[in-house]
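The values are calculated or read from the model by the stated rules, or taken from the named source; none is laboratory data. These numbers were taken from a predicted model, which means no experiment stands behind them. As a convention, Cβ positions derive from the backbone with ideal geometry for all residues, glycine included, and neighbour counts pool all protein chains shown. Accessible surface is based on the protein model in full, side chains and every heavy atom, while ligands, DNA and RNA are left aside. Shrake-Rupley method; radii C 1.70, N 1.55, O 1.52, S 1.80 Å.
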Amino acid sequence: MQTRIGSVGSLEEGKDPVITTRTSQSKTLPLRALQLFGFFLALCIGFSIISIYTIRRFGIYSTVTTVKSTFVPCAEEPNSLDHWRKPPSSLLHSMSDKELLWRASFVPRIKKYPFNRLPKIAFMFLTKGPLPLAPLWERFFKGHEGLYSVYIHSLPSFKAEFPSSSVFYRRQIPSQVAEWGRMSMCDAERRLLANALLDISNEWFILLSESCIPLYNFSVIYQYIMKSKHSFMGAFDDPGPFGRGRYNYNMVPEVNISKWRKGSQWFEVNRKLAINIVEDVTYYPKFEQFCRPACYVDEHFFPTMLTIQTPNLLANRSITWVDWSRGGPHPGTFGRSDITEDFFKRILEGRQCRYNDQPSSICFLFARKFAPSAMEPLLRIAQKVLGF
């Protein structure tokens, strides 16, 4: 009995330690959990303090803000009408000639403009370098802002230095070398037209040289061009050796000798004809291949092409006066001693031509060639003789 009781007692005594151990473990677990929680809480507080210090010390917020400020969502890209209506902010671009002509050939299918469009004249100067008569042109343009645009095609190596107040300031277009009598000259003219066409407000396009001067004030010239039903490009059939004699029969069927025309290099065309010139891929290859000196392509390409396409839109005369009376391959040049009132009377008076199918005594709006030495006397008599 005692043995059994002792054994039972031992078993009961064996339970006490177990029970005691479990009780102490259950008391230890909450304490460890609290310690672990406290450790993580201290770690988080420490991390927060370090983060705040780092932000204040190194300006991470300002960096993030800068990144956000330069981000432009797709929905905010320029897509308003102004993007198409306003002229390019800079004439400098990286387009090739092929890309430029393609871009310039865009034509709205709806003829009526959805904004108040004030048509402008694009004055396109084809020059080797400086514009020695620029002061005269500055006076001519003064007070007529918004009615004209200026474009300059010079040798690529020439860097103009016009003051920021000048109408010629930053008006050079990307250019290439142009050789007289060769297709590179027509390329330069098409390049000028294409760049000017990028301004949708340009309605008329006048090609000029650095030796050209205006014969009337801006208002007279603007009204004359605006009211004309025709564009002023010489396009006549010359049966002699310097006309039809330059024709190459390899140009058929695109160009027949009956449509072969000759005209002055210096012209005025409206927007429709300017687009015809820059978009052409039919006649250009023929003239490039088969009109080479002694066929001077700048005298035949545009007059012939436009005679074939739109003969009813041509006045068949130039509005730029030149003097061929001295003979030779180039017209006469006039300097200081030539600039008198009588000189201009001989140019302006006694003329007869057709304007809008009616007789007119105003036949020329511009004249060339004037040497740099003519600048001073031209400025002196411009107000009295030329009206500006």
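Consider residue 160 carefully, then state whether it is of a type in the set (Gly, Ala, Ser) and in contact with a helix residue (DSSP H, G or I) (Cβ under 9 Å, 6 or more places away or on another chain). Before you say what the answer is, go through the steps one by one.
Details: of a type in the set (Gly, Ala, Ser): yes; in contact with a helix residue (DSSP H, G or I) (Cβ under 9 Å, 6 or more places away or on another chain): no.
Criteria not met by residue 160.
I'd like to check something: does the range 263-282 contain any residue that is in contact with a helix residue (DSSP H, G or I) (Cβ under 6 Å, 6 or more places away or on another chain) and assigned to a loop (DSSP other than H, G, I, E, B)?
Among the residues of the range 263-282, at least one is in contact with a helix residue (DSSP H, G or I) (Cβ under 6 Å, 6 or more places away or on another chain) and assigned to a loop (DSSP other than H, G, I, E, B), which makes the answer yes.
Report yes if residue 229 is open to solvent by 60 Å² or more (accessible area, probe 1.4 Å) and in contact with a Ser or Thr (Cβ under 7 Å, 6 or more places away or on another chain), otherwise no. Spell out how you get there, then give the answer.
Values: open to solvent by 60 Å² or more (accessible area, probe 1.4 Å): yes; in contact with a Ser or Thr (Cβ under 7 Å, 6 or more places away or on another chain): no.
Against the criterion (open to solvent by 60 Å² or more (accessible area, probe 1.4 Å) and in contact with a Ser or Thr (Cβ under 7 Å, 6 or more places away or on another chain)), residue 229 does not qualify.
Within the range 223-262, how many residues are closer than 20 Å to residue 354 by Cβ and outside any loop (DSSP other than H, G, I, E, B)? Step through it out loud before you land on a result.
Taking the range 223-262 first, the residues closer than 20 Å to residue 354 by Cβ are 223-238, 261-262.
Now narrow it down to the ones that are outside any loop (DSSP other than H, G, I, E, B): 223-227, 231-232, 236, 262.
The number of residues fulfilling the criteria is 9.
Take the range 114-163 and flag every residue that is under 18 Å from residue 177 (Cβ atoms), assigned to a strand (DSSP E or B) and not hydrophobic (A, V, I, L, M, F, W, C). Explain how you work it out, then say what you get.
Step one: list which residues in the range 114-163 are under 18 Å from residue 177 (Cβ atoms), which gives 124-130, 151-160.
Now drop any that are not assigned to a strand (DSSP E or B), which leaves 124-126, 151-153.
Answer for the range 114-163, where residues must be under 18 Å from residue 177 (Cβ atoms), assigned to a strand (DSSP E or B) and not hydrophobic (A, V, I, L, M, F, W, C): 151, 153.
Mind listing just one residue for me: the one in the range 286-330 that is aromatic (Phe, Trp, Tyr) and not in a helix (DSSP H, G or I) and, of those, farthest from residue 369 (Cα to Cα)?
Step one: list which residues in the range 286-330 are aromatic (Phe, Trp, Tyr), which gives 287, 290, 296, 301-302, 321, 324.
Now drop any that are not not in a helix (DSSP H, G or I), which leaves 296, 321, 324.
On the way: 296: 20, 321: 9, 324: 11 Å.
Going through the qualifying residues, I end up with 296.
Does residue 388 satisfy the criteria of being aromatic (Phe, Trp, Tyr), over 27 Å from residue 234 (Cα atoms) and part of a loop (DSSP other than H, G, I, E, B)? Quick ask: steps written out before the conclusion?
Details: aromatic (Phe, Trp, Tyr): yes; over 27 Å from residue 234 (Cα atoms): yes; part of a loop (DSSP other than H, G, I, E, B): yes.
Here the answer is yes, as residue 388 does meet what is asked.
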